[in-house]
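Quick notes on the structure that follows.
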Amino acid sequence: MALKDGGKNGSHSNRPTFTDQEALLFHSQGRPGKLEVVATKPMATQRDLSLAYSPGVAVPVLAIAEDESKAFDYTTKGNFVAVITNGTAILGLGNRGALAAKPVMEGKAVLFKRFADIDSIDLEVSTEDPDEFINCVKFLGKGWGGINLEDIKAPECFIIEQKLRELLDIPVFHDDQHGTAIIAAAGLINALELTGREVATTKLVCNGAGAAGIACLELLKAIGFRPENLILCDTKGVIYQGRTEGMNQWKSAYAIKTSARTLTEAFAGADVAFGLSVKGAFTPAMIKSMAAKPIIFALANPDPEITAEDVAEVRDDAIMATGRSDYPNQVNNILGFPFIFRGALDVRATTINMEMKIAAARALAELAREDVPDEVAALYGARPKYGPDYIIPVPFDPRLISTIPPAVAEAAMNTGVARKPIVDMDAYRQQLRSRLDPIAGVLQGVYERLRRRPRRVVFAEGEEEQVIRAAATFVHQGLGSALLVGHERRVRETAEALGVELGGNIEIINAAMSSRNAGYAAYLYERLQRQGYLQRDCQRLVNQDRNHFAACMVALGDADAMVTGVTRNFSVALEDVRRCIDPKPGHRVMGVSLVLARGRTVLVADTAVTEMPSAGDLADIAIEAARVARSLGYDPRLALLAFSTFGHPAGERSERVQEAVRILDQRHVDFEYDGDMAADVALNMELREAYPFCRLSGPANVLVMPAFHSASISTKMLMELGGANVIGPMLVGLDRSVQIVSLSANDAQLVNMAALAAYNVGG
């Protein structure tokens, strides 16, 4: 069994999102690990080498030797965070050694890059001696813009952080402490507001006197909580003045005068309960004894101190938060550390002080009160609204990058720890928005939505190895249930050979033996009887052809979506599907590919269906592509591409593109578009300066190709030569959700397409 998703707890889940083997394969397949170094400067010529290394590199060396601040200008220092551990408190697994912590630290570095475009490297220090650890980091510290301490046990983590903050002039941040505290404080600010409480009079009990618990109380005092209203508990009970057992200097700072000695006694009349401890630490009786409208933050992962269901049995007036993604109000550190460091780095802060932490918490709280934009609603399948079930923003809210860093940066400037103040904050916010394309997290957002609204997906080629693995992964990730079409014996034998466990949410369906067989055949015969098909032809297709059987399942509502393609060419599979499913009224059947390259994301259409589209076809393709863009959270900017740019040089295909633009003009569509234009002009704003009349307000994010062949060639070249990640073609425009993968698709690609099918990316 594997640890549950998102947990920092060593307990095992009875509902794993993955198997141990899947986790090992994820980290080992392709290039082992999760990081690589990518050059940011060209290395193609001798001149490039001379500038990058010797002799050209001597120039910045001398400049930095004269003025160390120049390192921010000439090196990676200004956008570089080191994630450092000694492995003494890895997740909830305990002390497993420095090297064992490396997968976690690599993951943290990946999150820095994904959410805040911060370059990061992991360092695992093989010592449990705090002084040795401090010296190691001290002597290496000049090369980084910030340090993120991670998975270091208490109380050593307090000593290490405090000393490094004193020794270094860069931000030092222990995320296990302060990250949790900041996110929890943000949620609490809103919970207090919703329940009509004042900070100064609110009584709070915190169970868990480790790094996170003490950091939470420290931050809460800073935002206005009175020390006498904060009760801290550990495994031995209440930490009170005069207690000697199990005490240290950090616990002693929160010892108060109180008659309460047990956690149960501390709960009586409390307004707020924080849990940073273990599963089951809170009982229904404790919750029942709390004040009216209690606030419960049960943050143990993967299983909270008490479940929302147990709370609901005794209180109907509670606001609850957990560390889990499958309940409302997830306290997730990803909401904090990338953006806090982003703001600190951008002003070259010397530290992350309390004012910056408070600013981050208040910015998060304020963001949760704002109306949720369309892209968040699209990604999560609902439009969260500020209230008891939405007191903290969701992790994939694209506004985080432009909300939290400015607040942190302003606090740094106001408290005098910023070495490079930002003059124009509005321009800074715009620059932050452009750092990360919202679509970069499309698949994660799709996954999050499906976990909230699981779907039944039929995998037509259920006997294939990669299909079985994909179906198991789809289910284990909590995206829905999987229906494998195939002979049960063959499917189970293949699964057993692969070491894949077929659980309860995976169903095997033999087309020939299905109770729905006759109904599917009748449905198909009604559709095809005037196209030369006899009843027995339709029966044979349903019995023997899995694409037809699976498509009928989706057409008649026995499944929500379908995935196929690993055993047949795209065009053949599409023909099978279209015998069973019609185009959606008002839509066009076509293929759209999602291209992620060099930090940019574009949609390309039509990459699958219409070989030589007419001008009218191109207009239809543009409209359908814009719909897909919006379903994925894009504000579409369409470029209708050609070899020419606005009429030069002239050509027949260019004229068709120009006519398509005129047709779109007549239809009065509600998105940006223009053409004809070459691909470089569409994507490069500097080249666009030669055409000031162009209607696009920014680089195109949807490219409409003049023909199928150009679309297919360009996307495949980007994959092989440009290192781009291409998802698709995604089939859109059908009345039911179907995705067709390529013959070479692996299990990961199948899972992605299954998720997009379940999400119904085509609308």
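The values are calculated or read from the model by the stated rules, or taken from the named source; none is laboratory data. As the structure is a computational prediction, the values presented were derived from the model and not from experiment. Virtual Cβ from ideal backbone geometry, glycine too; neighbours counted across all protein chains shown.
When 126, 120 are checked against the criterion of being of a type in the set (Ser, Thr, Tyr) and surrounded by fewer than 17 Cβ atoms within 10 Å (Cβ to Cβ), a single residue qualifies: 126. For residue 649, the requirement of being within 33 Å of the chain's Cα centre (by Cα) and not assigned by TED's automatic domain parsing to the domain that holds residue 545 is not met.
Residue by residue, here is whether (1) surrounded by 24 or more Cβ atoms within 10 Å (Cβ to Cβ); (2) of a type in the set (D, E, K, R) holds:
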position	(1), (2)
519	no, no
526	no, yes
529	no, no
534	no, no
544	no, no
557	no, no
563	yes, no
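Go through the residues of segment 596-615 one by one and say whether even a single one is assigned by TED's automatic domain parsing to the domain that holds residue 462, surrounded by fewer than 22 Cβ atoms within 10 Å (Cβ to Cβ) and touching a Gly at 6+ places or on another chain (Cβ under 8 Å). Looking for residues that are assigned by TED's automatic domain parsing to the domain that holds residue 462, surrounded by fewer than 22 Cβ atoms within 10 Å (Cβ to Cβ) and touching a Gly at 6+ places or on another chain (Cβ under 8 Å), one finds none in segment 596-615, hence no. Would you mind stating whether residue 628 is within 21 Å of residue 445 (Cβ to Cβ) and either in a strand (DSSP E or B) or free of Cβ contacts under 8 Å to residues at least 12 places away in the same chain (or both)? For residue 628, the condition - within 21 Å of residue 445 (Cβ to Cβ) and either in a strand (DSSP E or B) or free of Cβ contacts under 8 Å to residues at least 12 places away in the same chain (or both) - is not met. Restricting attention to segment 228-252, the residues that are in contact with a strand residue (DSSP E or B) (Cβ under 8 Å, 6 or more places away or on another chain), surrounded by 12 or more Cβ atoms within 10 Å (Cβ to Cβ) and part of a loop (DSSP other than H, G, I, E, B) add up to 2.
Scanning segment 502-517 for residues that are within 36 Å of the chain's Cα centre (by Cα) and surrounded by 13 or more Cβ atoms within 10 Å (Cβ to Cβ), which turns out nearest to residue 536 (Cα to Cα)? Per the criteria, the residue is 509. Scanning segment 450-476 for residues that are surrounded by 21 or more Cβ atoms within 10 Å (Cβ to Cβ) and either within 17 Å of the chain's Cα centre (by Cα) or not assigned by TED's automatic domain parsing to the domain that holds residue 553 (or both) yields 450, 474. Among the residues examined, residue 142 qualifies as out of contact with any Pro (no Cβ under 7 Å at 6 or more places or on another chain) and more than 25 Å from residue 268 (Cβ to Cβ). Can you name the residue in segment 421-442 that is farther than 14 Å from residue 398 by Cα and buried (at least 16 other Cβ atoms within 10 Å of the Cβ) and, of all such residues, is modelled with the highest pLDDT? If we take residues in segment 421-442 being farther than 14 Å from residue 398 by Cα and buried (at least 16 other Cβ atoms within 10 Å of the Cβ), then 422 is modelled with the highest pLDDT. Only residues that are surrounded by 23 or more Cβ atoms within 10 Å (Cβ to Cβ), among the aliphatic types (A, V, I, L, M) and assigned to a helix (DSSP H, G or I) were counted in segment 329-366, giving 10. The combined condition, being in contact with a helix residue (DSSP H, G or I) (Cβ under 9 Å, 6 or more places away or on another chain) and among the acidic types (Asp, Glu), is not fulfilled by residue 66.
Within segment 466-491, the set of residues being within 14 Å of residue 753 (Cβ to Cβ) and of a type in the set (Gly, Ala, Ser) comprises 470, 471, 480, 482. Screening residue 562 against (1) in contact (Cβ under 8 Å) with a residue 60 or more places away in the chain; (2) assigned to a loop (DSSP other than H, G, I, E, B) leaves a single unmet condition, (2). Counted as qualifying within segment 404-512 are the helices (runs of 4 or more DSSP H) with 2 or more residues that are among the polar types (S, T, N, Q), namely 425-435, 465-476.
The set of residues from segment 41-88 being surrounded by fewer than 16 Cβ atoms within 10 Å (Cβ to Cβ), within 30 Å of residue 179 (Cα to Cα) and of a type in the set (Ser, Thr, Tyr) comprises 69, 75, 76. Just one of the numbered conditions (1) part of a helix (DSSP H, G or I); (2) assigned by TED's automatic domain parsing to the domain that holds residue 129; (3) not acidic (Asp, Glu) is not true of residue 25: (2). Contact map, segment 701-715: first residue closer than 16 Å to residue 626 by Cα, second residue surrounded by fewer than 23 Cβ atoms within 10 Å (Cβ to Cβ) and acidic (Asp, Glu), Cβ cut-off under 9 Å, separation 6 or more or different chains; pairs are 701/437; 701/635. Filtering segment 95-135 to residues that are within 30 Å of residue 39 (Cα to Cα) and among the hydroxyl-bearing types (Ser, Thr, Tyr) leaves 120, 126. Within segment 663-690, the set of residues being touching a residue at least 24 places away in the same chain (Cβ under 8 Å) and more than 37 Å from the chain's Cα centre (by Cα) comprises 663 only.
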